[in-house]
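The values are calculated or read from the model by the stated rules, or taken from the named source; none is laboratory data. As the structure is a computational prediction, the values presented were derived from the model and not from experiment. Reconstructed Cβ throughout: ideal geometry from the backbone, glycine too, with neighbour counts over all protein chains shown. All accessible areas refer to the heavy atoms of the entire protein, side chains included, with ligands and DNA or RNA removed. Shrake-Rupley method; radii C 1.70, N 1.55, O 1.52, S 1.80 Å.
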Protein chains: 2
Amino acid sequence: MTNSRTALASLSDDDLAGFLAEQREAYAALKGRGLKLDLTRGKPSAAQLDLSDDLLHLPTTTKDRAGVDVRNYGGLEGLAELRELFAELLWVEPSQVVAGGNSSLTMMYGTIVDFLLFGGVDSPRPWSQEEKVRFICPVPGYDRHFSMLAAFGIEMVTVDMHADGPDVAAVEALVKDDPSVKGIWIVPTYANPSGAVVSQEVAARLAAMPTAAPDFTIFWDNAYAFHHLTEDEAKSADILSLAAASGHPNRPIMFASTSKITFAGAGVAVLAASEANVRWYLKHLSMASIGPDKVNHLRHVEFFRDAEGVRAHMRKHREIIAPKFAAVDEALTTGLAGLGVAEWSHPTGGYFVNLDVLDGTASRVVALAKEAGIALTPAGASFPLGHDPRDRNIRLAPTFPVLDEVRTAMAGVATCVALAAAEKLTSDRAGGVGAEGDATTSDQSSAREGAVR
Amino acid sequence: MTNSRTALASLSDDDLAGFLAEQREAYAALKGRGLKLDLTRGKPSAAQLDLSDDLLHLPTTTKDRAGVDVRNYGGLEGLAELRELFAELLWVEPSQVVAGGNSSLTMMYGTIVDFLLFGGVDSPRPWSQEEKVRFICPVPGYDRHFSMLAAFGIEMVTVDMHADGPDVAAVEALVKDDPSVKGIWIVPTYANPSGAVVSQEVAARLAAMPTAAPDFTIFWDNAYAFHHLTEDEAKSADILSLAAASGHPNRPIMFASTSKITFAGAGVAVLAASEANVRWYLKHLSMASIGPDKVNHLRHVEFFRDAEGVRAHMRKHREIIAPKFAAVDEALTTGLAGLGVAEWSHPTGGYFVNLDVLDGTASRVVALAKEAGIALTPAGASFPLGHDPRDRNIRLAPTFPVLDEVRTAMAGVATCVALAAAEKLTSDRAGGVGAEGDATTSDQSSAREGAVR
């Protein structure tokens with residue numbers, strides 16, 4: 001195949017039939033290979049985890065710099081040294097940082113539980129006492145954000161995710177008059193899955209916009225703040241300062257972690273917010289915990305030494321994963337460029353490639369790939385309740401497999417995309433509903449068993 | 001002083017005045033020593049923590065026995081090897097065990113949040129939708145249990161803690177007809193602070209009793225299950241089997257941790273319950289976590305090897321702390337035996353000595369000790385809202401200081417107890433309200449800043 005191809009939709013019926021036959025043959029060959037590959041999960045690979053294996057022998061001491069024994073109870077807000085390190089990385093004050101356990105997701109969940117049961121600093125009452133609570137969900141977005149809200153019975157309203165962040169005009173319109181709109185999820189840096197970076201302008205508008213709810217909260221999930229794929233390193237907008245300057249200091253709550261920096265399951269997570277929010281969070285946390293794993297905090301501080309240590313470490317990750325992202329792009333370009341049946345993102349950071357296929361074929365592509373031994377995140381996973389209204393969005397996660405597997409898997413995915421598109425166009429011309437189109441709409445449960453991140 | 005003393009209450013006015021003068025002198029001398037000692041906290045000492053320092057170099061591998069990389073995401077229920085180890089220790093099936101983070105308190109809090117927001121397996125509705133939720137709190141008990149309930153707005157009803165567990169007849173009467181009584185806290189083995197062990201008979205009645213609430217839950221906080229101080233090792237009643245046999249399999253939820261086995265702040269916690277309860281717990285946890293710190297799980301499995309490894313390790317703790325408990329008993333006996341102004345427990349395990357002083361003098365004793373540089377847990381801390389109706393209960397925590405400090409501190413405490421009693425009796429005879437009796441009643445906030453465990 002070459003890149004100077006005609007768009008499928010412009011082909012004559014005969015040529016389309018020829019293309020379909022060709023793709024069926026290619027797909028049969030693909031199936032014949034008996035692959036077993038997995039692109040579902042935003043997980044670091046073994047080689048990436050190896051970068052942090054020195055953690056297994058740390059810490060070398062058991063006292064923090066104040067002389068306190070990190071092995072014992074206490075220190076609810078986390079090790080001072082670690083809070084300082086993250087404060088520098090996130091451009092906040094150490095007093096604005098809480099260092100917790102191994103999961104920022106757990107901190108997000110705990111924060112929403114606090115809002116539900118107790119209300120926030122600026123809440124007139126606990127959210128559980130509101131008639132209705134709604135959240136704005138930029139799409140495509142992170143499935144675990146959405147399933148968490150669904151579990152809490154919080155209603156989700158979608159807005160489009162653009163290259164510079166959520167459609168901020170749509171957000172402004174939603175929050176202006178409706179006090180039941182209490183929050184928004186944002187992955188500001190190299191968003192999951194689009195790779196978008198929230199611009200300074202969008203961040204400033206989100207920070208300043210009038211909201212009917214006095215306790216409207218931006219859940220600023222900065223999961224990929226330092227996860228650059230090129231030398232052109234994105235800088236996260238300083239949402240805490242912007243919000244404070246706009247008179248809404250308690251509006252944003254930021255989350256980050258080392259899950260994709262050190263060990264995915266054994267890293268450290270942080271929350272950063274206004275000092276009033278930090279006090280509020282710690283007050284409720286004090287009922288649930290005597291303190292985080294400070295040994296693991298010190299282990300990370302010794303490992304990184306300082307913020308520059310984190311940045312240097314991330315460059316090693318980049319060396320491992322940037323070629324995998326290049327392989328995704330190469331395979332998609334080779335297989336699909338010019339056909340007019342797919343668009344995909346070219347992220348400069350983060351963990352995902354966003355693939356939009358021909359409307360109505362995403363579920364079919366995922367099903368075809370599965371039959372050929374290539375596991376993809378369920379179609380629709382990046383939408384609330386797993387429902388992509390156009391059935392076109394697929395999230396690709398190339399970090400976990402080794403490079404050769406990424407190449408093989410993505411060539412296969414390209415075949416599936418082309419085949420599903422040819423089927424769909426053929427069926428559309430025949431006025432049918434899909435030749436082999438028994439693709440089931442993915443639902444919430446299938447979305448949930450999907451991607452880890 | 002000798003042990004063949006006359007009870008203070010039987011002394012003539014003159015003899016009492018003489019005793020009071022003597023104690024004032026002793027107290028002045030005590031103050032003059034400028035001590036700075038701390039018996040507030042149920043924390044392991046540095047020597048105890050040292051026993052587990054091999055953890056700092058573990059694990060030696062990064063794969064579990066199934067070949068899964070423990071550094072990565074996943075495994076919500078915890079490492080299979082660790083669940084098996086705890087299953088053996090707690091006489092349950094591995095499928096009944098969830099291994100979590102560093103804190104059983106966090107698991108307890110999360111469990112109550114689940115009941116509040118979603119309801120339990122046998123709940124007709126979420127507890128937050130009930131008009132009123134009440135818990136039975138055996139007293140004296142663990143202050144953090146009580147402050148957690150207070151934070152949730154759950155009403156607390158006290159029953160007495162006896163040598164064989166909570167006053168079970170009183171519990172039966174409370175749960176029989178009132179569906180708002182949803183739960184009870186129990187520390188079944190070497191209870192905090194009394195050291196009581198729930199007998200098989202009491203456990204069986206708790207498991208079998210009819211309850212008006214279909215989802216009445218026993219929060220079985222087995223924090224000291226393996227924390228023996230003598231060779232006469234208490235065996236926890238097998239509450240899960242008892243409850244299942246009585247047709248109430250989901251009634252008990254057990255909690256335990258290695259906080260006082262390995263590192264207080266960096267151990268592992270577990271929850272054990274019926275398989276239905278485990279599924280319920282994991283379903284909600286799956287919204288908040290991708291998995292626990294499995295590296296720390298494997299670290300602990302390598303360290304202990306097996307259940308017998310835990311038991312052997314606990315014998316080393318016993319060697320360190322049993323002499324401290326003996327020193328407490330010796331100092332109290334030397335200072336107070338025969339005076340009729342104090343009773344104290346002789347625990348065979350756990351972390352505390354329960355000291356009951358003359359009614360109305362506990363706050364005064366704590367204040368006197370504080371002035372003399374000896375920090376004690378605030379009076380009343382072992383009661384809901386920090387309110388001990390008889391103002392007589394003091395919790396002593398002798399594990400953290402070194403042995404010599406325990407001796408010194410406890411001799412000082414004995415002096416304070418004797419002085420406060422002599423003051424009180426003198427004042428009572430004079431018809432007054434307390435000579436120097438400006439003791440403030442401890443409140444919830446002072447209780448909270450008190451003992452760590």
Practice task
In Å and from the alpha-carbon atoms only, list the Rg and Dmax of the protein assembly as shown.
Solution key: 31.1, 120
Fill in the blank from the handout: Judged on accessible area alone, 1.4 Å probe, highest first, B:Leu385, A:Leu368, B:Leu174 line up as B:Leu385, B:Leu174, A:Leu368
Exercise for the section: Would you pull out the residues with amide H under 5 Å of A:His162's amide H, same chain only if 5 or more places away, H placed 1.01 Å from N? Expected result: A:Asp167
Completion exercise
The rounded separation in angstrom of the Cα centers of segment A:65-130 and segment B:144-189 is 31
Handout entry: Cα lying deepest toward the dipole's positive end in the protein assembly as shown, options B:Tyr190, B:Ile239, A:Gly119, charges on Cβ
Key = B:Tyr190
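222 nm [θ] for chain B, helices only, -39500 (n - 2.57) per DSSP H run of 4+, per residue, to 500?
Dividing the helical sum by the residues of chain B leaves -12500 deg cm²/dmol.
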Handout entry: B:Asp53 paired with A:Ala28, simple spin-label distance in nm, labels 7 Å along Cα-to-beta-carbon
Key = 7.0
Practice task
Between beta-carbons, use under 10 Å as the cut-off and find the net charge around B:Val157, counting Lys and Arg +1, Asp and Glu -1.
Solution key: -1
Practice task
Find the relative contact order for segment B:321-435 and round it to a whole percent, using C-alpha pairs within less than 8 Å whose residues are 6+ positions apart.
Solution key: 32
Handout entry: Spin-label proximity, B:Asp306 to segment B:83-112 - amide N less than 17 Å from point 7 Å beyond Cα toward beta carbon
Key = B:83-92, B:94
Practice task
Mind listing the label-point distances from B:Glu22 to the same position on all other copies, shortest first, one decimal in nm, points 7 Å along Cα→Cβ?
Solution key: 10.9
Practice task
Give the shape of segment A:251-301 as rounded, prolate or oblate, defined through the alpha-carbon gyration tensor: a ≥ b ≥ c are the square roots of its eigenvalues, a/c under 1.5 means rounded, and otherwise the shape is prolate if a/b is larger than b/c and oblate if not.
Solution key: oblate
Practice task
On the full set of protein chains, 1.4 Å probe, figure out the accessible area of B:His346 and give it in Å² to the nearest 10.
Solution key: 120
Problem - Cβ-based net charge around A:Asp122, under 12 Å, with every Lys or Arg adding one and every Asp or Glu removing one - result: +2
Exercise for the section: Select from segment B:120-159 all residues whose loss of accessible area on going from the chain by itself to the full protein assembly reaches 40 Å² or more (probe 1.4 Å). Expected result: B:Arg144, B:Ala151
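Roll a 1.4 angstrom probe over the protein heavy atoms and tell me the percent of accessible area of the protein assembly as shown that is carbon or sulfur.
Values: 16610 of 32860 Å².
The computed percentage sits at 51.
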Practice task
For B:Asp428, tell me the accessible area in Å² from a 1.4 Å probe, rounded to the nearest 10.
Solution key: 80
Exercise for the section: List the residues whose amide H sits under 5 Å from the amide H of B:Thr217, counting only those 5 or more places along or on another chain, with H placed 1.01 Å from N in the peptide plane. Expected result: B:Gly183, B:Ile184
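How many Å² of accessible surface get buried when A and B come together, counting both sides, probe radius 1.4 Å, rounded to the nearest 100?
4300
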Fill in the blank from the handout: Note on segment A:200-274: alpha-carbon gyration tensor, axes a ≥ b ≥ c; rule is a/c under 1.5 for rounded, else prolate if a/b larger than b/c, else oblate; result oblate
Exercise for the section: Determine the relative contact order of segment A:6-158: mean sequence separation of Cα pairs under 8 Å and six or more apart, normalised by residue count, in whole percent. Expected result: 9
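Relative contact order for chain A: what is it in percent, counting Cα pairs under 8 Å that are at least 6 residues apart?
25
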Exercise for the section: Identify all lysines with a Cα-Cα distance to B:Lys36 below 19 Å; exclude those on the same chain that are fewer than 8 residues away in sequence. Expected result: B:Lys324, B:Lys370
Exercise for the section: At 30 Å minimum axial length over the Cα atoms and a Kyte-Doolittle cut of -0.5, report the qualifying DSSP H helices in chain B, or say none. Expected result: B:307-336, B:403-429
Practice task
Could you tell me whether segment B:138-248 comes out rounded, prolate or oblate from its Cα gyration tensor? Rule is a ≥ b ≥ c as square roots of the eigenvalues, rounded for a/c under 1.5, then prolate if a/b exceeds b/c, otherwise oblate.
Solution key: oblate
Handout entry: Heavy atoms of B:Glu88: accessible area, 1.4 Å probe, square angstrom to 10
Key = 100
Practice task
Using 0.36 nm per residue of separation minus the Cα-Cα distance, give me the extension gain between B:Glu131 and B:Lys176 in nm, one decimal.
Solution key: 14.4 nm
